[in-house]
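These notes are about the structure you will find just below.
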Amino acid sequence: MSERIPVVIDLDGGADGLWGLAVAAAHGDRMELKAVTVCGGRQGAAQAFSNSASYGALLKLSCPLYRGSERSVLLKERSQWKGDGPDGKLGMSLPEPLAYGEGYAWDAIYREAVAAEGELQVVCFGPMTNLAIALFKYEELAPLIKRVIFVGGSYDYGNISAAAEVNMATDPEAARAVFRSGIPKTMVGFNAIRESALSDEQIRRVMGERLSGELFLQCAAGREKLLSRVCFGAPLGMAALLEGDLLSWVRYHLTIETKSSLCRGRTTPLNMYSPRGFEKDTDIAMGVDMERYVEFLKAAVERMDVKDITWI
């Protein structure tokens, strides 16, 4: 068996982050979760930090958690996104949060990148603020990260506006810093997330008869439906890490709009060399093999050790 993939997961406290972490916990034989880092989130910093630490407690994560930025790189306020309810966790009553480690998220990312000797992969479920700050602080960091997989952006239209997806719109300057860093990038955007939407029948297949399946069902029921189906971004990001051929891909040069008030946060994939000679630098997810994806989610639910869960 090949060595496990060293991974840092960065999230913002949204409910889909629970299922991204659940996939990671279920695949400890294939990946080694070195740390979980948390940014202020779309529901506010206090809620993001509390939610994420409670997810870790629910899943019995053994890796350290680190607090990151409470705000965007330039703006003091983050976008207020209520897609997972006002608390960001769809009303779940979760265990007491795990304690956060001392120090900051960006320092943890740097330490793990150095320790992994160029093999570390960073998976971002929310805005990429913490990774951007790490790049600002440590000029030597970019070549030490093998790849960043980010859930956000879109090949076509967005979900917070016609132009932009919420993770990119929340901190486009951070995304721009990551895009320009030279780190190899994989984008699991809103276009692919739409393709991964689950029907009621598929949700029933994922949940099975386990209590963790009931948790999945309740989360699905609480999310806003897209064309009468439910989708989660974070576990699809983990599928990109662990089962890359489950998705179909195109490779483009990727830019992000940071100036226009109308299109701020819009990701623009260029399907050819740009006039300035920028190369195609980002693998962008397009289609999803839904049969395999349902089984991928089902395996994660079956491996969860959830003994008791209540709902507000």
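The values are calculated or read from the model by the stated rules, or taken from the named source; none is laboratory data. Quantities reported herein were computed from a predicted structural model and do not represent experimental measurements. In this analysis, Cβ positions are derived from the backbone assuming ideal geometry, glycine residues included, and neighbour counts consider all displayed protein chains. We work out accessible area using only protein heavy atoms, side chains counted, and drop any ligands, DNA or RNA first. Shrake-Rupley method; radii C 1.70, N 1.55, O 1.52, S 1.80 Å.
What order do you get for 44-52, 256-264, 121-129, 184-192 when each peptide is scored by the mean count of other beta carbon atoms within 10 Å, highest first? Mind dumping the intermediate values first?
On the way: 44-52: 21.9, 256-264: 14.3, 121-129: 28.7, 184-192: 23.7.
Put in order of decreasing packing, that is 121-129, 184-192, 44-52, 256-264.
Could you tell me what percent of the accessible area of region 137-260 is made up of carbon and sulfur, with a 1.4 Å probe and every protein chain present?
That share works out to 48 percent.
Which entries of LYS34/LYS298; LYS34/LYS185; LYS146/LYS280; LYS34/LYS280 show an alpha-carbon separation above 28 angstrom in the structure shown?
In this structure, LYS34/LYS280 lie more than 28 Å apart at Cα.
Averaged over every viewing direction, what's the projected area of the C-alpha convex hull for the chain? Give it in nm², one decimal, please.
Numbers: hull surface 60.4 nm².
About 15.1 nm², averaged over all directions.
Taking H as built 1.01 Å from N, whose amide H comes closer than 5 Å to the amide H of MET31, not counting residues under 5 places away?
ILE5
Nearest 0.05, what FRET efficiency do LEU262 and MET286 give at R0 = 22 Å with Cβ-Cβ as r?
0.25
Excluding ligands, DNA and RNA, what is the solvent-accessible area per residue of region 125-178 at a probe of 1.4 Å, expressed in Å²?
For region 125-178, the per-residue accessible area is 31 Å².
I'd like the FRET efficiency for PHE278 and ARG303, computed as 1/(1 + (r/R0)^6) with the beta carbon distance as r and R0 of 35 Å, rounded to 0.05.
According to the calculation, E is roughly 0.25.
At what distance in angstrom do the alpha carbon centres of region 179-245 and region 121-178 lie from each other?
19 Å
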